[in-house]
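Worksheet: one structure, shown below.
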Amino acid sequence: MNIALIGYGKMGKTIERIATERGHDVIMRISTANKHEMTDENLRPVDVAIEFTMPEVAKENVEKCIRAGVSVVCGTTGWGHQLDHTKMMAIENNVSFLWASNFSVGVNIFFEINKLLASLMNGQPDYNVSIEETHHTQKKDAPSGTAITLAEQILDNLKRKKHWTKGETTDSNLIPVIAHRIENVPGTHNIKYSSAIDDIEIIHTAHNRDGFALGAVLAAEYIANKKGIFTMKDVLGFAK
């Protein structure tokens, strides 16, 4: 498979290493220095583009690939409110598109556990829920896209909560999502249900970027030669 890497920072280089180890060819590497090279002609030999950049440029990058007839895996968070238009464009251009707030296989298992726990807690009003996430200082969006996904999953399953909010809150209708930024932390997410009697916690801690990068490559392998909109649930066989 011929892969284009849109975004060639630490994550892009990790994806390149893992993709190469799995027998794929990275034929394009785009950073801010050579963005002008992302032309229709240069994209033509690409099977799948993997995009990890910044929220302010992700939509433009992804849609440029889609218009060129290239399927895209995107892991940039912070532009979720614009995804519907991009998904429609992918369908219109007969390519595949997969966006995820987190590509780690472990995190996607964590997502399923989070939904199950929230549904079990729906009938336990004595427990209050909170979310904490910690990432490296280079991560610009806070809370993380993963934390937002976790909060939205809880809202879908825990009916006494109406919204999530960044930081501490005394409003019982809200889920507090607390973000920390610490040097050299790949990513930790903690869901805590607290009562006067006990606490129940589930935690996912990433040790490095390899899990995220492997998941992105698995996603690219999955959507290659497919058409349509997919999620990591499809890639991992969790979709019903």
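To keep it simple, each residue is scored yes or no on (1) touching a residue at least 40 places away in the same chain (Cβ under 8 Å); (2) within 21 Å of residue 55 (Cα to Cα); (3) in contact with a strand residue (DSSP E or B) (Cβ under 6 Å, 6 or more places away or on another chain).
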| site | (1), (2), (3) |
| --- | --- |
| 118 | yes, no, no |
| 128 | yes, no, yes |
| 136 | yes, yes, no |
| 142 | no, yes, yes |
| 163 | no, no, yes |
| 192 | yes, no, yes |
| 206 | yes, no, no |
| 210 | yes, no, no |
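Taken together, the residues in segment 26-41 that are outside any helix (DSSP H, G or I), open to solvent by 60 Å² or more (accessible area, probe 1.4 Å) and out of contact with any helix residue (DSSP H, G or I) (no Cβ under 8 Å at 6 or more places or on another chain) amount to 1. Residue under question is residue 69, and the condition is that it be of a type outside the set (S, T, N, Q), at positive phi, in a loop (DSSP other than H, G, I, E, B) and under 17 Å from the mean Cα position of the chain (by Cα); does it hold? No: the conditions fail for residue 69. Beta carbons closer than 6 Å, at least 6 apart along the sequence or on distinct chains, pair a first residue in segment 168-186 that is more than 15 Å from residue 147 (Cα to Cα) with a second that is open to solvent by 70 Å² or more (accessible area, probe 1.4 Å) for 173/162. Among strands (runs of 3 or more DSSP E) entirely within segment 105-186, having at least 2 residues that are buried (at least 19 other Cβ atoms within 10 Å of the Cβ) singles out 128-135, 174-181.
With respect to the conditions (1) open to solvent by less than 10 Å² (accessible area, probe 1.4 Å); (2) closer than 21 Å to residue 179 by Cβ, residue 62 falls short on a single one, namely (2).
The values are calculated or read from the model by the stated rules, or taken from the named source; none is laboratory data. Remember, it's a predicted structure, so these values are computed and weren't measured experimentally. FYI the Cβ positions are ideal-geometry reconstructions off the backbone, even for glycines, and counts take in every protein chain you see. These area figures cover heavy atoms from the full protein model, side chains too; ligands, DNA and RNA do not enter into them. Shrake-Rupley method; radii C 1.70, N 1.55, O 1.52, S 1.80 Å.
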